[in-house]
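Colleague: Pasting a structure here, questions to come.
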Amino acid sequence: MQPIFFKPVYKDYIWGGNKIKDLFKKDTPYEKTAESWEIAANKNGKSIVKNGVYKGMNLQELFEKKEIKEQIFGSRCKNYEKFPLLIKFIDAKTNLSVQVHPDDEYANKNEDDIGKTEVWYIMDCEPNSKIVCGIEGEITEEEIENGKIEQKLKYIPIQKYHSIYIPSGTVHAILGGTLLCEIQQNSDLTYRVYDWKRVDKDGKPRKLHIQKAMDVINVKNKPEVTKTLENKDKIQTLVKNQFFTTQKIKISNEYKDTSNAKTFYAINVVKGEGKIIYKGKQYKLNLADSFIIPANLGEYKIIGELEILKSYI
């Protein structure tokens with residue numbers, strides 16, 4: 001066993017920018033890259049193992065290897081059919097659409113899939129940045145169709161190193177100038193509610209999903225905004241729910257940890273650089289590297305001046 005690093009899947013949606021290539025030094029083929037699917041085993045994108053004996057396999061293939069599944073992914077994953085998380089870097093040069101995601105019950109019944117609850121960690125944003133999260137009062141199908149929903153959107157101020165927890169059913173949008181890491185359930189179900197009167201590369205309005213959105217919108221949802229503690233706690237829990245836990249860990253010099261037989265750890269480097277050392281071996285860690293700590297890896301340590309997100313089920 002060793003830490004498992006991945007080659008991402010890149011997405012060139014129309015609202016993307018250049019930071020994934022220029023700041024993160026990712027080998028994306030696109031001039032503008034909207035998303036880098038770092039740890040992904042979804043039908044719309046599967047990240048590829050970059051190192052070790054499983055090099056060249058995609059994450060879903062690795063997850064389906066019964067003889068080593070529990071050793072790598074832990075006892076909690078034993079009966080999962082697909083990898084439970086999807087982790088991305090998102091570079092929003094311009095606004096994303098206003099959208100909503102279904103919960104497990106609706107997705108299972110209507111899409112043969114699972115729902116999508118997520119958390120965002122803001123890695124960078126412009127001064128006075130905001131996001132859309134929630135709507136004021138009730139909303140009707142007519143208000144969505146005629147664009148009046150724009151007047152009902154709730155805007156929340158954000159800063160670097162904030163995290164925002166967004167349960168399924170919450171109307172939301174990442175706005176332009178925001179760079180973030182998104183940890184979510186392994187679902188790509190998105191119902192587009194409003195798209196700022198924007199057209200696609202062919203000059204046509206992008207498709208909305210009004211009826212499905214109306215089915216799943218929960219106007220009572222309240223997002224949870226967490227300000228991370230730069231100088232107080234080295235380990236801070238950003239979210240803990242039935243689907244996953246995400247912690248921010250600030251490392252100054254050295255962080256020691258031990259793998260967990262019940263689950264894997266998905267790690268994303270969100271600031272700085274360093275090294276991971278285990279059993280006398282080491283890997284260099286750069287900004288925006290992503291990897292998995294297998295369930296039976298044992299003791300390891302990360303050294304350097306860096307900050308990581310650690311997610312697990």
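The values are calculated or read from the model by the stated rules, or taken from the named source; none is laboratory data. Quick caveat, the model's predicted, so the values are computed rather than measured. Cβ placement follows ideal geometry from the backbone for every residue including glycine, while neighbour counts extend to all protein chains displayed.
Colleague: Restrict the check to region 82-91 and report whether at least one residue is surrounded by fewer than 22 Cβ atoms within 10 Å (Cβ to Cβ), of a type in the set (Asp, Glu) and in contact (Cβ under 8 Å) with a residue 40 or more places away in the chain.
Modeller: no
Residue-wise test of (1) among the hydroxyl-bearing types (Ser, Thr, Tyr); (2) farther than 24 Å from residue 284 by Cβ.
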site: 33; (1), (2): yes, no
site: 39; (1), (2): no, no
site: 54; (1), (2): yes, no
site: 78; (1), (2): no, yes
site: 93; (1), (2): no, yes
site: 128; (1), (2): no, yes
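Colleague: Out of region 227-242, which residues are within 16 Å of the chain's Cα centre (by Cα) and buried (at least 18 other Cβ atoms within 10 Å of the Cβ)?
Modeller: 238, 239
Colleague: Still on this model: I need a count of the residues in region 78-110 that are touching an Asp or Glu at 6+ places or on another chain (Cβ under 7 Å) and assigned to a helix (DSSP H, G or I).
Modeller: 2
Yes/no matrix, rows are residues, columns are (1) surrounded by fewer than 18 Cβ atoms within 10 Å (Cβ to Cβ); (2) assigned by TED's automatic domain parsing to the domain that holds residue 290; (3) farther than 24 Å from residue 42 by Cα:
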position	(1), (2), (3)
154	yes, no, yes
159	yes, no, yes
162	no, no, yes
168	no, no, no
186	no, no, no
212	no, no, no
219	yes, no, yes
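Colleague: State all residues of region 104-139 that are more than 25 Å from residue 161 (Cβ to Cβ) and buried (at least 18 other Cβ atoms within 10 Å of the Cβ); if no residue qualifies, say none.
Modeller: Within region 104-139, 106, 107, 113, 114, 115, 135, 139 qualify.
Colleague: Is there any pair linking a residue in region 271-283 that is not assigned by TED's automatic domain parsing to the domain that holds residue 52 to one that is outside any strand (DSSP E or B) and among the hydrophobic types (A, V, I, L, M, F, W, C), with Cβ under 8 Å and at least six apart or on different chains, and which?
Modeller: What qualifies is 271/287; 272/287; 273/287; 278/297.
Residue by residue, here is whether (1) within 18 Å of residue 173 (Cα to Cα); (2) acidic (Asp, Glu); (3) without any contact (Cβ under 8 Å) to a residue 24 or more places away in the chain holds:
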{"site": "12", "(1), (2), (3)": "yes, yes, yes"}
{"site": "21", "(1), (2), (3)": "no, no, yes"}
{"site": "41", "(1), (2), (3)": "no, no, no"}
{"site": "54", "(1), (2), (3)": "no, no, no"}
{"site": "105", "(1), (2), (3)": "no, yes, yes"}
{"site": "108", "(1), (2), (3)": "no, no, yes"}
{"site": "118", "(1), (2), (3)": "yes, yes, no"}
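Colleague: Still on this structure, please answer the following. Please give the strands (runs of 3 or more DSSP E) falling wholly within region 243-313 in which 1 or more residues are over 16 Å from the mean Cα position of the chain (by Cα) and of a type outside the set (A, V, I, L, M, F, W, C).
Modeller: Result: 245-258, 265-278, 281-285, 299-312.
Colleague: Being touching a Phe, Trp or Tyr at 6+ places or on another chain (Cβ under 8 Å), assigned to a helix (DSSP H, G or I) and not acidic (Asp, Glu) is the filter here; which residues of region 145-192 pass it?
Modeller: Selection gives 149 alone.
Colleague: How many residues are in contact with a Pro (Cβ under 7 Å, 6 or more places away or on another chain) and small (Gly, Ala, Ser) when one looks only at region 252-299?
Modeller: Count: 1.
Colleague: Which ones in region 1-16 are assigned to a loop (DSSP other than H, G, I, E, B) and in contact with a helix residue (DSSP H, G or I) (Cβ under 8 Å, 6 or more places away or on another chain)?
Modeller: If the condition is that a residue be assigned to a loop (DSSP other than H, G, I, E, B) and in contact with a helix residue (DSSP H, G or I) (Cβ under 8 Å, 6 or more places away or on another chain), then 1 is the only one that fits.
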